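Q: Dumping the structure here so I can ask a few things about it.
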Amino acid sequence: MVELHGPLVAGVGARPGTPADAVLALLDEALAGAGLDRAQLVLLATVEARATEPGLREAARILGVPLTAHPAAVLAAVPVPNPSAAVRAALGTPGVAEAAALAEAPGGHLVVPKTASRTATVAIARRAAADTAGSPDRPATPRENTAMSTDFDLRHHGDAEVRAAGLVDLAVNVRTGTPPGWLRDRLAATLADLAAYPDPAEARAAVAARHRRPAGEVLLTAGAAEAFVLLARVVAARHVCVVHPQFTEPEAALRDAGHTVHRAVLRAGDGFRLTPGAVPEEADLVVIGNPTNPTSVLHPAEDVAALARPGRTLVVDEAFMDTVPGESAALADVRGLPGRVVVLRSLTKTWGLAGLRIGYVLGPAELIAELAAAQPLWPVSTPALAAAEACSAPAALAEAEEAAHELAAHRAHLLAGLRGVPGARVHGTPASSFLLVELDGAAAVRERLRAAGFAVRRGDTFPGLGPDWLRIAVRDPATADRFLAALAAAVGDPPAGPVTAG
């Protein structure tokens with residue numbers, strides 16, 4: 001009989017000032033003793049009195065999981081195998097690590113009881129397997145894997161922030177004033193052809209020529225999002241690694257397809273740059289964004305290419321690469337790297353075509369053929385094919401390059417203005433059409449900005465981030481100046497009461 005497994009949660013207690021490294025070392029020790037590893041954790045839990053400890057918050061960020069906290073009275077009601085009178089006297093509960101772990105695993109059980117160092121305690125519990133069946137030799141099905149993705153809202157996207165009327169949109173990364181008139185005319189001209197089934201041949205050839213590849217290495221898709229789903233369903237992998245913080249749809253698609261996803265979480269302290277050893281050597285399917293949404297960091301092409309190796313499928317999401325002047329770090333035109341390197345592109349951002357759904361995949365011909373076989377019939381509409389062809393033409397590429405240079409100037413203006421906002425911190429070097437800002441109390445600030453008429457993207461749905469992060473789209477200087485004034489006022493406003501990150 002195959003034993004069923006649920007996800008792991010860790011309860012953590014720590015003395016004030018305990019650094020993240022000490023917490024992580026103790027966690028690794030406890031997990032290793034049970035034949036487990038940190039990639040299996042979906043959550044850290046503690047007592048409210050320790051919820052703001054920098055070491056615990058940083059440990060959760062490095063792990064790419066949420067940190068939750070429970071009142072001492074709640075934890076005191078949880079029976080634990082190793083109660084402590086000293087802990088009860090200090091915190092009001094006879095156990096923190098064991099009680100917090102069990103509180104987050106109703107119906108589950110402790111797999112590692114309290115393990116202590118001089119400054120911290122940890123305990124590991126496994127949630128009941130009812131929602132997440134699976135085993136080492138039988139991957140979870142999409143339905144069984146659902147609970148593993150509930151630690152972050154992977155399906156939340158920026159468009160949810162602007163559904164209320166009258167808001168200035170700084171939440172969605174689509175260039176304003178698009179699509180341009182010439183492209184609208186080109187799309188309108190296809191209406192006379194809608195009685196015929198779509199034929200992708202010319203659009204595929206145009207994209208192939210744009211990237212100096214054979215047409216057999218191009219697959220047109222209904223947006224980059226469809227490509228993530230196809231890859232998740234087609235690529236067989238034993239160790240999947242997604243580099244975070246990044247666009248969450250790839251992980252959601254992988255989990256839906258039954259994959260267990262391991263997270264490589266890049267650090268704000270490193271400027272969210274890809275560092276040596278960040279991706280496990282055993283990973284045979286790796287997903288990374290470049291430039292990365294939401295950090296806006298552009299990894300050097302050689303650093304991303306260094307992730308390619310025999311036996312590995314490397315997926316590079318270049319949906320925002322055309323926002324970078326000269327596409328300086330692109331791998332879209334690069335062939336001959338070891339293993340299988342797949343590059344995804346989207347026409348949504350620069351050309352304002354989110355509603356049309358058009359993107360494409362570049363990669364080895366045999367893999368492209370497998371992905372095409374998994375597509376439904378006629379997946380890309382006639383207008384979308386016309387857009388792919390038109391936006392691959394030399395004149396369109398020149399226009400996109402000009403837009404990228406203008407964007408760089410607008411981004412510099414917004415960055416300069418943010419330096420005058422108390423407490424606003426931008427990590428790394430932004431290179432795309434948005435900025436990631438760390439700001440204490442960002443959830444409350446976001447609500448005040450909405451009241452002032454501005455929508456920005458919450459950051460707490462991205463693994464590796466939390467409630468103190470906002471993503472802000474780059475707009476023209478006049479709009480940026482109005483926003484910066486509203487942000488400065490929102491930061492200075494006293495809280496009006498509890499604010500949730502809705």
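The values are calculated or read from the model by the stated rules, or taken from the named source; none is laboratory data. Predicted model, so just to flag it, every value in this text is computed and none were measured. Here the Cβ is made from the backbone with ideal geometry for all residues, glycine too, and neighbour counts use every protein chain on show.
Q: So which of LEU397, LEU367 ends up being aliphatic (A, V, I, L, M), over 23 Å from GLY326 (Cβ atoms) and surrounded by fewer than 21 Cβ atoms within 10 Å (Cβ to Cβ)? It would help to see each step written out before you state the result.
A: On the way: LEU397 fails: over 23 Å from GLY326 (Cβ atoms).
Checking each option against the conditions leaves just LEU367.
Q: Can you name the number of the only condition in (1) touching a residue at least 40 places away in the same chain (Cβ under 8 Å); (2) closer than 16 Å to GLU370 by Cβ; (3) not aromatic (Phe, Trp, Tyr) that ALA236 fails?
A: (1)
Q: Now a separate question. Since ARG263 meets every condition but one in (1) of a type outside the set (Ser, Thr, Tyr); (2) assigned to a helix (DSSP H, G or I); (3) touching a Leu at 6+ places or on another chain (Cβ under 9 Å), which condition does it not meet?
A: Here ARG263 meets the rest and fails (2).
Q: Considering every residue within segment 222-229, establish whether at least one is at pLDDT 95 or above and in contact with a Leu (Cβ under 8 Å, 6 or more places away or on another chain).
A: So in segment 222-229, the residues at pLDDT 95 or above come out as 222, 226-229.
Next cut, in contact with a Leu (Cβ under 8 Å, 6 or more places away or on another chain) only: 227-228.
Yes, segment 222-229 contains a residue that is at pLDDT 95 or above and in contact with a Leu (Cβ under 8 Å, 6 or more places away or on another chain).
Q: Checking ALA60 against (1) modelled with pLDDT under 90; (2) farther than 18 Å from ALA25 by Cα, which single condition isn't satisfied?
A: (2)
Q: Considering only residues that are within 21 Å of the chain's Cα centre (by Cα) and part of a helix (DSSP H, G or I), which ones fall in segment 208-230?
A: GLY223, ALA224, ALA225, GLU226, ALA227, PHE228, VAL229, LEU230
Per-residue answers, yes or no, for (1) in contact (Cβ under 8 Å) with a residue 12 or more places away in the chain; (2) over 20 Å from the mean Cα position of the chain (by Cα); (3) assigned to a helix (DSSP H, G or I):
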| position | (1), (2), (3) |
| --- | --- |
| THR292 | yes, no, no |
| VAL304 | yes, no, yes |
| ALA332 | yes, yes, no |
| PRO338 | yes, yes, no |
| ALA372 | yes, yes, yes |
| TRP378 | yes, yes, no |
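Q: Which condition number does ALA283 fail, the rest of (1) crowded, with 24+ Cβ neighbours inside 10 Å; (2) touching a His at 6+ places or on another chain (Cβ under 7 Å); (3) not β-branched (Val, Ile, Thr) being met?
A: Evaluating ALA283 over (1) crowded, with 24+ Cβ neighbours inside 10 Å; (2) touching a His at 6+ places or on another chain (Cβ under 7 Å); (3) not β-branched (Val, Ile, Thr) leaves (1) as the failure.
For every residue, the table says whether it meets (1) without any contact (Cβ under 8 Å) to a residue 40 or more places away in the chain; (2) surrounded by fewer than 15 Cβ atoms within 10 Å (Cβ to Cβ).
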position: GLY11; (1), (2): no, no
position: PRO16; (1), (2): yes, yes
position: LEU31; (1), (2): no, no
position: LEU36; (1), (2): no, no
position: LEU44; (1), (2): yes, no
position: GLU53; (1), (2): yes, no
position: ARG61; (1), (2): no, no
position: LEU75; (1), (2): yes, no
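Q: Considering only segment 231-251, state which residues are buried (at least 22 other Cβ atoms within 10 Å of the Cβ), of a type in the set (A, V, I, L, M) and part of a helix (DSSP H, G or I).
A: Answer for segment 231-251, where residues must be buried (at least 22 other Cβ atoms within 10 Å of the Cβ), of a type in the set (A, V, I, L, M) and part of a helix (DSSP H, G or I): LEU231, ALA232.
Q: Looking at ALA387, ALA374, which one is assigned by TED's automatic domain parsing to the domain that holds VAL240, of a type in the set (Gly, Ala, Ser), buried (at least 20 other Cβ atoms within 10 Å of the Cβ) and modelled with pLDDT of 95 or more? Spell out the reasoning first.
A: Working: ALA374 fails: buried (at least 20 other Cβ atoms within 10 Å of the Cβ).
Within the list ALA387, ALA374, the selection yields ALA387.
Q: In addition: Can you confirm whether segment 437-453 contains a residue that is without any contact (Cβ under 8 Å) to a residue 40 or more places away in the chain, within 21 Å of PRO477 (Cβ to Cβ) and within 27 Å of the chain's Cα centre (by Cα)?
A: If we filter segment 437-453 for residues that are without any contact (Cβ under 8 Å) to a residue 40 or more places away in the chain, which is where we start, we get 437, 440, 442, 451-452.
Filter once more, so that each one left must be within 21 Å of PRO477 (Cβ to Cβ): 437, 452.
Still in the running and within 27 Å of the chain's Cα centre (by Cα): 437.
Checked against the condition, which is being without any contact (Cβ under 8 Å) to a residue 40 or more places away in the chain, within 21 Å of PRO477 (Cβ to Cβ) and within 27 Å of the chain's Cα centre (by Cα), segment 437-453 yields at least one hit.
Q: Picking from ALA319, ALA412, which residue would you name as being free of Cβ contacts under 8 Å to residues at least 12 places away in the same chain and under 26 Å from the mean Cα position of the chain (by Cα)?
A: On the way: ALA319 fails: free of Cβ contacts under 8 Å to residues at least 12 places away in the same chain.
Matching residue, one of ALA319, ALA412: ALA412.
Q: Looking at segment 106-124, can you tell me whether even one residue there is hydroxyl-bearing (Ser, Thr, Tyr) and at pLDDT below 75? Lay out the reasoning, then the answer.
A: Filtering segment 106-124 down to residues hydroxyl-bearing (Ser, Thr, Tyr) leaves 115, 117, 119, 121.
Narrowing the set further to residues that are at pLDDT below 75 leaves none.
Scanning segment 106-124 turns up no residue that is hydroxyl-bearing (Ser, Thr, Tyr) and at pLDDT below 75.
Q: Ok, one more. Kindly list the number of the only condition in (1) more than 30 Å from LEU63 (Cβ to Cβ); (2) part of a helix (DSSP H, G or I); (3) in contact with a Leu (Cβ under 9 Å, 6 or more places away or on another chain); (4) at pLDDT 95 or above that fails for GLU402.
A: (3)
Q: How many of the residues in segment 183-208 are surrounded by fewer than 16 Cβ atoms within 10 Å (Cβ to Cβ), under 30 Å from ALA480 (Cα atoms) and touching a residue at least 12 places away in the same chain (Cβ under 8 Å)? Let's see the steps before the verdict.
A: Step one: list which residues in segment 183-208 are surrounded by fewer than 16 Cβ atoms within 10 Å (Cβ to Cβ), which gives 184-185, 188-189, 191-197, 199, 201-202, 205.
Next cut, under 30 Å from ALA480 (Cα atoms) only: 184.
This time we only want the ones that are touching a residue at least 12 places away in the same chain (Cβ under 8 Å), so: none.
So the count comes out to 0.
Q: If the requirement is being part of a helix (DSSP H, G or I) and either out of contact with any strand residue (DSSP E or B) (no Cβ under 6 Å at 6 or more places or on another chain) or within 23 Å of PHE152 (Cα to Cα) (or both), which of these qualifies: LEU470, LEU465, LEU484? I'd like the intermediate steps shown before the answer.
A: On the way: LEU470 fails: part of a helix (DSSP H, G or I); LEU465 fails: part of a helix (DSSP H, G or I).
Only one candidate passes the filter, namely LEU484.
Q: Would you mind finding the one in LEU353, LEU435, LEU385 that is in a strand (DSSP E or B) and in contact with a strand residue (DSSP E or B) (Cβ under 9 Å, 6 or more places away or on another chain)?
A: Values: LEU353 fails: in a strand (DSSP E or B); LEU385 fails: in a strand (DSSP E or B).
Selected residue: LEU435, the only one of LEU353, LEU435, LEU385 that is in a strand (DSSP E or B) and in contact with a strand residue (DSSP E or B) (Cβ under 9 Å, 6 or more places away or on another chain).
Q: Of all residues being within 22 Å of SER328 (Cβ to Cβ) and of a type outside the set (A, V, I, L, M) in segment 411-433, which is surrounded by the fewest Cβ atoms within 10 Å (Cβ to Cβ)? Just the residue, please. Let's see the steps before the verdict.
A: As a first pass, look at segment 411-433 and keep what is within 22 Å of SER328 (Cβ to Cβ): 411-415, 426-433.
Then drop every residue that is not of a type outside the set (A, V, I, L, M), which leaves 411, 413, 427-430, 432-433.
On the way: ARG411: 21, HIS413: 18, HIS427: 20, GLY428: 18, THR429: 13, PRO430: 24, SER432: 29, SER433: 27.
By that ranking, first place goes to THR429.
Q: Please report, ordered by residue number, the helices (runs of 4 or more DSSP H) entirely within segment 13-111 with at least 1 residues that are closer than 30 Å to VAL243 by Cβ.
A: Numbers: elements: 20-33, 54-63, 72-76, 85-91, 97-103.
Filter on segment 13-111 gives 20-33, 54-63, 97-103.
Q: Let me ask something else about it. Look through segment 458-487, keep the residues that are among the charged types (D, E, K, R) and modelled with pLDDT of 95 or more, and return whichever of them is nearest to ALA268 (Cα to Cα). Spell out the reasoning first.
A: Of segment 458-487, the ones among the charged types (D, E, K, R) are 458, 460, 468, 471, 475-476, 481-482.
Cutting the leftovers down to modelled with pLDDT of 95 or more gives us 471, 475-476, 481-482.
Numbers: ARG471: 14, ARG475: 24, ASP476: 27, ASP481: 26, ARG482: 28 Å.
So, considering only residues that are among the charged types (D, E, K, R) and modelled with pLDDT of 95 or more, the one nearest to ALA268 (Cα to Cα) is ARG471.
Q: Further question on the same structure: Can you name the condition, by its number, that ALA222 falls short on among (1) out of contact with any Lys or Arg (no Cβ under 8 Å at 6 or more places or on another chain); (2) outside the structural domain of PRO463 (by TED's automatic domain parsing)?
A: ALA222 satisfies every listed condition except (1).
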